[in-house]
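Asks: Before I ask anything, here is the structure I am working with.
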Amino acid sequence: MRFAPAARALGRYTKPMSTRRPWMRLAVSAFLIFHLGGVILSPNPASYLSQALSPVYRPYMNFLGLAHTWGFFAPEPVSPPMYIDYMIEKKEGGQLSGRFPAEKDPFFFRDRQNRRLSLSKFIVATDDNIRNMFVRYQCMHEEDMQSIKLWRVVHTQPSLEAVRKGEKKATDAGEYKIEVLGTFYCPEDLQ
C-alpha cells in the first residue's frame, strides 16, 4: 500500500478485513443463513422441512412478523373476491343499484382493483365501517337518497375436489354466496 506509512502516522491504518475479528464475520454469516432459511421456509408451512424446523424458526419469524403463509396458491386461494351490492332508495321513489367494486376491472394495472377488493373486505368487517365509510359516502354523493340496502357477495372458486375429478378447471367461475347486511338510512348530520 503506497500511503501506508502516512496512514500509520496519523493512526488511520487498519488491518485488512480478513485478519480482523474472524469470529464476527462467522457470526454475521451464520445469522444471515439462519434468516434466509426462515424467509424461505416460513411461507410454506405444509412442507416437511418447514414442519421439522418449525420449533427453531417459528419464534423468530413470529417476532419479526413474517410468519404469515402465502394464501395465493391455486386452485383455492384463501381470500376469494368480495363485493358489496347495494340498492339506493330515493326519497321520490326511484331506485339505483350497483356493485362495489365493479366486477369488471376498469384499470390497466390490476393493483388498483386488488386494493378496492381489499377495501370492500375492510368495509364489511364491522357495522361501524359500513355506516361510517360506505353508507356515509353514498349519502354524501347521491342526491335525494333515503336509504340503502346492502349485500355481501363472495365469489368462491371451484373446490379442489371438483378440479381433481376434472369436473371444473381451476380458472372456472365458482358460485356466489350472498349475505344480507341490512338496510341503512342516511344520518342527519352530514358534513
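The values are calculated or read from the model by the stated rules, or taken from the named source; none is laboratory data. From a predicted model like this one, the values you see are computed outputs, not experimental measurements. Don't worry about glycine lacking a Cβ; one is built from the backbone with ideal geometry, like all the others, and counts go over all protein chains shown.
Asks: Of the conditions (1) under 30 Å from Pro45 (Cβ atoms); (2) loosely packed, with under 11 Cβ neighbours inside 10 Å; (3) at pLDDT 85 or above, Arg110 clears all except one; give me its number.
Replies: (3) is the only condition that Arg110 fails.
Asks: Oh, and also: Need the failing condition index for Met1 against (1) part of a loop (DSSP other than H, G, I, E, B); (2) modelled with pLDDT of 75 or more, just the number.
Replies: All conditions are met except number (2).
Asks: Something else now. Can you name every residue in the range 161-190 that is loosely packed, with under 15 Cβ neighbours inside 10 Å and in a strand (DSSP E or B)? So that I can check it myself, show each step before the final result.
Replies: The initial filter retains those residues of the range 161-190 that are loosely packed, with under 15 Cβ neighbours inside 10 Å, namely 161, 164-167, 169-173, 175-180, 182-183, 185, 187-190.
The answer is Tyr176, Lys177, Ile178, Glu179, Val180, Gly182, Thr183, Tyr185.
Asks: Kindly indicate the residue of the range 121-160 that is in contact with a strand residue (DSSP E or B) (Cβ under 7 Å, 6 or more places away or on another chain) and part of a helix (DSSP H, G or I) and also farthest from Glu92 (Cα to Cα) among those meeting that condition.
Replies: Lys121
Asks: Within the range 125-141, can you find the residues that are exposed (fewer than 15 other Cβ atoms within 10 Å of the Cβ) and more than 28 Å from the chain's Cα centre (by Cα)?
Replies: Within the range 125-141, Met140, His141 meet the criteria.
Asks: Considering only residues that are of a type in the set (D, E, K, R) and within 27 Å of the chain's Cα centre (by Cα), which ones fall in the range 169-191?
Replies: Listed by number, the residues that qualify are Lys169, Asp172, Glu175, Lys177, Glu179.
Asks: Also, quick follow-up: Spot the failing condition for Glu161; the list is (1) touching a helix residue (DSSP H, G or I) at 6+ places or on another chain (Cβ under 7 Å); (2) free of Cβ contacts under 8 Å to residues at least 24 places away in the same chain, and only one is missed.
Replies: Failing condition for Glu161: (1).
Asks: In the range 54-66, is there at least one residue being among the hydrophobic types (A, V, I, L, M, F, W, C), in a loop (DSSP other than H, G, I, E, B) and modelled with pLDDT under 90?
Replies: Yes, that holds for at least one residue.
Asks: Being outside any loop (DSSP other than H, G, I, E, B) and under 23 Å from Asp172 (Cβ atoms) is the filter here; which residues of the range 77-115 pass it?
Replies: Across the range 77-115, the qualifying residues are Met82, Tyr83, Asp85, Arg99, Arg110, Gln113, Asn114.
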